[in-house]
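The values are calculated or read from the model by the stated rules, or taken from the named source; none is laboratory data. Note that the structure is a prediction, hence the values are computed from the model and not measured. Every residue, glycine among them, receives a Cβ derived from its backbone with ideal geometry; neighbour counts consider all protein chains shown. We work out accessible area using only protein heavy atoms, side chains counted, and drop any ligands, DNA or RNA first. Shrake-Rupley method; radii C 1.70, N 1.55, O 1.52, S 1.80 Å.
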Amino acid sequence: MSAPLTHVTGSRRGAGWVAGTAACAVLTAISLVGSQAPAFADAGQNASVDPSTYGNNQDVVNAMAKFAPVNASESVMGYPTGLDRDNNGNVKPAALADVKSTYDPGQAVQDAQNAARQYEADTKNPKALRDSAGHLVDGWPGGKKPNNDVRQNTNDDVLSWSGGQKAEQYCGMANKDPKSPSYGQTAPCVFVGKLDENGKYPVKGSSDGVAGEAKLTYKVSASVTNEKSVTEGWSAGGKITPKIGDGKSEIQGEASFSYSYATTSTNRVQNTLETSVEINIPKGQKGYLEGRANGAYYVGYIVLRDIDSGNQEHLVAIPARVYVQSAKTTSPLTWFKRLTPA
């Protein structure tokens with residue numbers, strides 16, 4: 001029989017994880033995934049800049065739909081990195097009442113299990129993670145029929161049967177014991193969401209406006225960091241920091257923002273090299289540079305499955321709003337030349 005799980009703090013986890021049989025050697029010798037390293041240490045790619053000049057927001061959105069098309073629904077393996085946060089990094093808690101009005105939690109659980117099953121069936125994915133995805137659907141040998149648990153908001157995520165562990169901690173665990181038969185497996189968690197039409201291509205960085213007649217030259221780039229290694233669990237995404245400079249003083253983007261990858265993504269977001277952008281501003285107009293994120297926010301649920309020391313399984317759905325990078329591009333941002341009446 002496998003040994004009970006051990007937290008990094010040294011406390012022992014319930015033996016329900018092994019479900020009373022040697023056949024259920026799941027996440028033994030688990031520790032939280034803590035190592036973070038910059039994604040794409042290579043030189044990166046030139047920043048994506050639209051050559052046209054735009055005065056209308058809808059025209060920008062229409063252009064973005066060509067550069068970075070987004071789907072009506074998405075799924076993310078593991079705990080999503082791209083949770084909607086304020087400028088201080090705090091999660092904006094999506095409320096069940098709001099999410100439920102457009103996405104039924106029961107349907108979301110089915111969708112999450114379908115996404116997990118598709119991931120499990122794809123032999124291009126690592127076997128340990130395919131097995132992990134299967135646990136979301138099938139549970140563990142000896143486990144009792146799961147209790148369904150729908151939470152009230154994103155921050156209502158404490159797993160009381162797991163010693164007060166939060167969902168992010170649970171979903172971030174991975175088996176890093178090379179001697180274990182379940183080496184590389186991680187907790188079964190999937191985010192599923194439906195497109196927030198008001199959350200497509202959010203503005204993530206803009207320069208100050210300058211009245212014309214004038215000519216502006218900016219240098220733009222974006223750095224990508226904190227992507228988790230697939231060898232330590234789900235590859236969840238990371239953080240993007242846009243930068244705008246006028247050649248004299250650097251202007252930070254409005255805010256760095258985090259992103260998640262769709263389950264089906266094969267492209268990975270790259271750092272962007274500094275690129276010069278010129279804006280010719282006619283008299284009577286005000287010009288500025290605007291950065292748009294190449295993705296969208298999705299409203300849905302983080303669905304996870306756990307088992308307690310009494311072999312009772314728990315199927316939990318936690319409301320959430322998550323930014324997901326478009327699967328059709330490797331660029332994190334597209335920069336636009338904007339004009340408005342002065």
Task: R151 accessible area, assembled protein chains, probe 1.4 Å, Å² - done: 20 Å²
Task: Cut-off 19 Å, label 7 Å out along Cα→Cβ of D59, residues of segment 327-342 by amide N - done: 334-342
- [ ] List every residue whose amide H lies under 5 Å from the amide H of A174, counting only residues 5 or more places away in sequence or on a different chain, with H placed 1.01 Å from N in the peptide plane.
- [x] S31, V33
TODO: Can you sort K124, K243 by 1.4 Å-probe accessible area, starting with the largest?
DONE: K124, K243
Open item on the list: For C189, what residues show an amide H to amide H distance below 5 Å, using hydrogens built from the backbone and excluding near sequence neighbours?
Closed with: G78
Task: Highest average packing first - 321-332, 136-147, Cβ atoms within 10 Å - done: 321-332, 136-147
Task: Largest-first principal axis extents, alpha carbons of segment 142-192, Å - done: 39, 26, 25
Task: Residues N226 and K144, FRET efficiency given R0 of 45 Å [Cβ-Cβ distance, rounded to 0.05] - done: 0.75
TODO: Multiply the residue separation of T340 and D156 by 0.36 nm, subtract the distance between their alpha-carbon atoms, and state the gained length in nm to one decimal.
DONE: 62.0 nm
- [ ] With N set to the residue count of segment 84-183, report its C-alpha Rg divided by 2.2 N^0.38 Å to two decimal places.
- [x] 1.26
TODO: Output ³J(HN,Hα) for segment 88-105: one whole-Hz value per residue in order, computed from phi by the Karplus curve 6.51 cos²θ - 1.76 cosθ + 1.60 with θ = phi - 60°, and x for Gly and Pro.
DONE: 8, x, 7, 5, 7, x, 5, 8, 4, 4, 6, 5, 5, 5, 10, 8, 5, x
- [ ] With a Förster radius of 51 Å, plug the Cβ-Cβ distance of S73 and D208 into 1/(1 + (r/R0)^6) and report the FRET value to the nearest 0.05.
- [x] 0.85
